[in-house]
Amino acid sequence: MSQRRKFIRQSLLGSALFIPGVAASCAQTNEEKSHSGDKPLILSTWNHGLPANADAWAKLQETGSILDAVEAGVRNTEVDMENLSVGLQGLPDREGITTLDASIMTGDGACGSVAFVRQIKHPISLARAVMEKTPHVLLAGEGARQFAIAQGFPLEEEKLSPKAQAEYDKWKVTSQYKPIINIENHDTIGMIGIDAQGKLAGSCTTSGLAYKMHGRVGDSPIIGAGLFVDDEVGAATATGLGESIIRICGSFLIVELMRQGRTPQEACEEAVRRLISKNKDIKDIQAGFLAINKYGEVGAYAVHPGFNFAKATESGNILVDANSHFKP
Ligand code: SD4
């Protein structure tokens, strides 16, 4: 973990940042009383989830909309210049071009996503526009960019950030692509949230795997793989090697396991077991899942150690280490 990340983690854990929340106002049913979750609740993947959660929480207070919250939260990460796996500052594909994937979904089944899109600073907002302004779910590549222009999204200059350029130059020396277990290389942000009334929403945004083949799309914009949300059950999101997650429809699988009665933790663990059984060379594959159910209970699990997530509730915004199938 970099020094900067360690610092953010320690300082925020130390102060357990309190954010006065939108109070849970609904009378509890007996079924709800037998569960011990939090509402509202916002979870997001990795350390950068802390500032993203803070923005999401502020937006929830401002507009009362959990959809607005999960969009605003990951917009923070999309312009975090330190993050090399999200946004236009992310590492490029093997041709040196940064292409972005994003998805957004609400618990009533509404969803939108964009894949293999260039020059768009906030692909999550473009995904939301696909959801709200088209009859479609997924727009890709040049069509997504044309739609962005039509919607008034500014096009950014196609130029690698200095950090991404330096990394790309280093990579070009050997030009080898191999997904490796390294938490610094798996920084997609997936965010899922529930409001005080039990409405759920989620978002996921990434520049995908570094030095991928041009045209490669990961799990993040695939509804059911990188993200799935259902108000009747709960929500899940994923990070890590997209191919391994798509193979098992990871997020959908977790929501369906919860529908059948598993807790979010049990469902994440089962999804990791499934992923391990369906992917060769598992020692080189990292993937992690996050889930919440409609009671505001939380689950998180990864293939290998190193996965963590940020959890915002009325009592604070903290970083939590997830357990993993393989032990340190
Ligand atoms: C992908 N799931 O495109 C993403 C990668 C990831 O940080 O999580 N990167 O496969």
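In the range 251-270, is there at least one residue being among the aliphatic types (A, V, I, L, M) and assigned to a strand (DSSP E or B)?
No, that holds for no residue.
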Looking only at the range 55-65, how many residues end up being touching a residue at least 40 places away in the same chain (Cβ under 8 Å), part of a helix (DSSP H, G or I) and over 15 Å from the mean Cα position of the chain (by Cα)? 3
Restricting attention to the range 112-130, does a residue exist that is modelled with pLDDT of 95 or more, over 27 Å from S161 (Cβ atoms) and open to solvent by less than 40 Å² (accessible area, probe 1.4 Å)? no
Let me confirm something: among L88, L60, L138, L100, which residue is buried (at least 24 other Cβ atoms within 10 Å of the Cβ) and touching a strand residue (DSSP E or B) at 6+ places or on another chain (Cβ under 6 Å)? L100
Being near the ligand (Cβ under 9 Å from one of its atoms) and assigned to a loop (DSSP other than H, G, I, E, B) is the filter here, so list the residues in the range 222-246 that pass it. A225, G226, L241
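The values are calculated or read from the model by the stated rules, or taken from the named source; none is laboratory data. This structure is a prediction, so every number in the text was calculated from the model and none was measured. Methodologically, a virtual Cβ is constructed for each residue, glycine included, from the backbone with ideal geometry; neighbour enumeration extends over all protein chains shown. Accessible surface is based on the protein model in full, side chains and every heavy atom, while ligands, DNA and RNA are left aside. Shrake-Rupley method; radii C 1.70, N 1.55, O 1.52, S 1.80 Å.
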